[in-house]
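To keep things clear, I will list the structure first and then write my remarks on it.
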């Protein structure tokens, strides 16, 4: 056991117990406000030998349990974001845990703009021809979606996880990250909530992109179609082999991107589903605590929660039930 006072997490995590794990650093177990299910906060070792933070919450028992990862928007703020998301999503996550799921809050490095569009396949390690074989070199920078792949690979090492039943859900940029990751790595099921798939569809976001003030305006699917590279997008889509559910939002300024992602995946013959709602809140499928700490989803949020969970039940549970 490591002394918490010597741990750089202590400012964030307080006096929580710390368990040393040789392959992945440390696990800090901490209670979650208003919940009986604690969270295990840890770091996951990535391909380029740095760590990304996650929080793991599991049902009682030995499992193996199916898993759902949850990501929100872009990577930033490290473990602080993980702790804040875990706390604010606790009510929603508790209901997922009650249904028998391990729930994992994920974070990752920030995006390198446009580099994904220039890559030639996944990154890989190279022998050291510079310093006499003392290092492992990298073929290209690791991108944020590769951190999600690293997290899933880590989760498969946990004894209480069903290795064949790992799904992922994400909002906005996290939704696009799921698409990018799925091009390179198979998941059992994916739920993309308003996926901001600019790069995945190779949509023009430059000076000539339609804007209102500084905000890109791609609500109209036909405007997106004219500004996207279908050939490159379809090449990426063809490499996806796992089912996906996409949630749109009717008045969102990127609704056309959400719709076109679904349309082109369907055109490619992929296992893709579409749900669309008119809701005032971006990322409405994720239900955050109310200011008073309560869990009070509105009627649309209640409906979308059941839709998403039924989708995960179908792909992560049904085929494995005796």
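The values are calculated or read from the model by the stated rules, or taken from the named source; none is laboratory data. Values in this document were obtained by computation on a predicted structure and should not be read as measured data. Neighbour counts are summed over all protein chains in view; Cβ atoms, including those assigned to glycine, are modelled from backbone coordinates with ideal geometry.
Of all residues in segment 186-197, how many are part of a loop (DSSP other than H, G, I, E, B), over 18 Å from residue 250 (Cα atoms) and in contact with a strand residue (DSSP E or B) (Cβ under 9 Å, 6 or more places away or on another chain)?
So the count comes out to 2.
Could you list all residues from segment 48-77 that are under 28 Å from residue 194 (Cα atoms), assigned to a loop (DSSP other than H, G, I, E, B) and touching a helix residue (DSSP H, G or I) at 6+ places or on another chain (Cβ under 9 Å)?
The answer is 58, 73, 74, 75, 77.
Would you tally the residues in segment 30-47 being closer than 23 Å to residue 122 by Cβ and part of a loop (DSSP other than H, G, I, E, B)?
Qualifying residue count for the region: 2.
May I ask you to list the residues in segment 113-151 that are within 22 Å of residue 240 (Cβ to Cβ) and assigned to a loop (DSSP other than H, G, I, E, B)?
114, 119, 120, 121, 122, 123, 124, 140, 142, 143
Can you tell me which of 167, 175 is within 23 Å of residue 231 (Cβ to Cβ) and under 16 Å from the mean Cα position of the chain (by Cα)?
Answer to the selection: 175.
Collect the residues in segment 232-263 that are surrounded by fewer than 21 Cβ atoms within 10 Å (Cβ to Cβ), more than 25 Å from residue 310 (Cβ to Cβ), in contact with a helix residue (DSSP H, G or I) (Cβ under 7 Å, 6 or more places away or on another chain) and in contact (Cβ under 8 Å) with a residue 40 or more places away in the chain, keeping them in residue-number order.
Once the filter is applied, which keeps residues that are surrounded by fewer than 21 Cβ atoms within 10 Å (Cβ to Cβ), more than 25 Å from residue 310 (Cβ to Cβ), in contact with a helix residue (DSSP H, G or I) (Cβ under 7 Å, 6 or more places away or on another chain) and in contact (Cβ under 8 Å) with a residue 40 or more places away in the chain, segment 232-263 yields only 239.
Go through (1) surrounded by fewer than 22 Cβ atoms within 10 Å (Cβ to Cβ); (2) out of contact with any helix residue (DSSP H, G or I) (no Cβ under 6 Å at 6 or more places or on another chain); (3) part of a loop (DSSP other than H, G, I, E, B) and name the single condition residue 266 misses.
(3)
From (1) surrounded by 22 or more Cβ atoms within 10 Å (Cβ to Cβ); (2) at pLDDT 95 or above, pick out the condition that doesn't hold for residue 88.
Residue 88 satisfies every listed condition except (1).
Does residue 82 satisfy the criteria of being under 20 Å from the mean Cα position of the chain (by Cα) and surrounded by 18 or more Cβ atoms within 10 Å (Cβ to Cβ)?
Against the criterion (under 20 Å from the mean Cα position of the chain (by Cα) and surrounded by 18 or more Cβ atoms within 10 Å (Cβ to Cβ)), residue 82 qualifies.
Looking at segment 209-231 only, could you name the residues that are more than 19 Å from residue 269 (Cα to Cα) and without any contact (Cβ under 8 Å) to a residue 12 or more places away in the chain?
Listed by number, the residues that qualify are 211, 213, 214, 226.
Which condition number does residue 63 fail, the rest of (1) more than 24 Å from residue 282 (Cβ to Cβ); (2) surrounded by fewer than 22 Cβ atoms within 10 Å (Cβ to Cβ); (3) at pLDDT 90 or above being met?
Every listed condition holds for residue 63 apart from (3).
Considering only segment 162-180, I want to know if a residue exists there that is at positive phi, out of contact with any helix residue (DSSP H, G or I) (no Cβ under 6 Å at 6 or more places or on another chain), touching a residue at least 12 places away in the same chain (Cβ under 8 Å) and surrounded by fewer than 24 Cβ atoms within 10 Å (Cβ to Cβ).
Scanning segment 162-180, I find at least one residue that is at positive phi, out of contact with any helix residue (DSSP H, G or I) (no Cβ under 6 Å at 6 or more places or on another chain), touching a residue at least 12 places away in the same chain (Cβ under 8 Å) and surrounded by fewer than 24 Cβ atoms within 10 Å (Cβ to Cβ), so the answer is yes.
Which condition breaks for residue 108 when tested against (1) surrounded by fewer than 22 Cβ atoms within 10 Å (Cβ to Cβ); (2) in a loop (DSSP other than H, G, I, E, B)?
Failed condition: (1).
Just a yes or no: is a residue in segment 113-132 touching a helix residue (DSSP H, G or I) at 6+ places or on another chain (Cβ under 6 Å), modelled with pLDDT of 85 or more and surrounded by 12 or more Cβ atoms within 10 Å (Cβ to Cβ)?
no
So if I check each of 183, 222, which one is at pLDDT below 95 and outside any loop (DSSP other than H, G, I, E, B)?
183
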